[in-house]
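The values are calculated or read from the model by the stated rules, or taken from the named source; none is laboratory data. This is a predicted model, so every value here is computed, not measured. Here the Cβ is made from the backbone with ideal geometry for all residues, glycine too, and neighbour counts use every protein chain on show.
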């Protein structure tokens, strides 16, 4: 064995850790600042000055060059830095990782049912072969053991009753529409609720595209009206001067899911406000921001019931503890026979992802 000795480069080791820190902070700033890379870098520079992250050996310009070299950002029109496709995918990956890391064992983890079935991942357990079972799942060790016990070790003969088949976990596909409230209340009174919602959307996109490729995820925003956005647009979302047309969002989500081929369909809704708008048959939007308007509430509940009739459960994550709104969400959930969570902002991502993973997986025999 040969050894090579070199002088320990503490600065290089420290730079690696610094780049990890700066990348993490930069990603969070980009999401919070609606995808504005230049604004995120300015904020990062201010934080770097405050916490002594930069010095004469490595400054903000060096970090910009490093981001460009990685392909995370690129110069656009006018020379301003903007996210690349690789940078947008990186945001989704970094949004997903801490949400799973935050899950506590046996409290919010993915609980698997003690049953197995056909298709999916192979399990250690085996069962007797049945007509129609595929032989590529044959448990050869258990099969030979049965044959030896039946015919003896001198001359092993395998009969049909000796055959054992590995159990496998059946994983169903699921079509999900993520509904995000972008009304003014999502940033009202200086409390930022839109950024956690965007992180959830980014994480769900990464989860589905990497772990559940047969699933589908559509993202729908709702304010005065509802509209679809692509996965690539999520970092650039912002709350606007809108009312909350929950019914229009649900209606668009229902129309999207109606066309999906997956047997399992669901809506995940992130909101912090009461429904305060309604699209009339003539296309006009009726608005009433004061209290719970019975007309708007009833139409919204009708839409929840329409989703239930199509077998589309709605999981609502309410970002408020207002007693009046809690009562509305409880009624809404009762009508749809869905689920409702009243979440804290710093726990939102974990709750959404655990619920998605847990309820998309089924075991059949």
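For this structure, a couple of remarks:
- Residue that is nearest to the chain's Cα centre (by Cα), among those in the stretch 66-87 that are assigned to a helix (DSSP H, G or I) and exposed (fewer than 12 other Cβ atoms within 10 Å of the Cβ): 85
Let's see how each residue does on (1) at pLDDT 90 or above; (2) under 30 Å from residue 93 (Cβ atoms):
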position: 260; (1), (2): yes, yes
position: 272; (1), (2): no, yes
position: 324; (1), (2): no, no
position: 338; (1), (2): yes, yes
position: 344; (1), (2): no, yes
position: 349; (1), (2): no, yes
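- Exactly one residue out of 113, 141 is at pLDDT 85 or above and outside the structural domain of residue 200 (by TED's automatic domain parsing): that is 141.
For (1) modelled with pLDDT under 95; (2) closer than 25 Å to residue 188 by Cα; (3) buried (at least 22 other Cβ atoms within 10 Å of the Cβ), each residue gets a yes or a no:
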| residue | (1), (2), (3) |
| --- | --- |
| 277 | no, yes, yes |
| 289 | yes, yes, no |
| 302 | no, no, no |
| 317 | yes, yes, yes |
| 341 | yes, yes, no |
| 352 | yes, yes, yes |
| 359 | yes, no, no |
| 362 | yes, no, no |
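- Residue list for the stretch 56-65, filter: in contact (Cβ under 8 Å) with a residue 24 or more places away in the chain and part of a loop (DSSP other than H, G, I, E, B): 57, 58
- Filtered residue count, the stretch 33-55, keeping only those that are in a helix (DSSP H, G or I), surrounded by fewer than 18 Cβ atoms within 10 Å (Cβ to Cβ) and in contact (Cβ under 8 Å) with a residue 40 or more places away in the chain: 1
- Within the stretch 222-313, strands (runs of 3 or more DSSP E) holding 3 or more residues that are under 20 Å from residue 200 (Cα atoms) and in contact with a strand residue (DSSP E or B) (Cβ under 7 Å, 6 or more places away or on another chain): 226-229, 264-271
- Sole exception among (1) surrounded by fewer than 22 Cβ atoms within 10 Å (Cβ to Cβ); (2) over 30 Å from residue 209 (Cα atoms) for residue 337, by number: (2)
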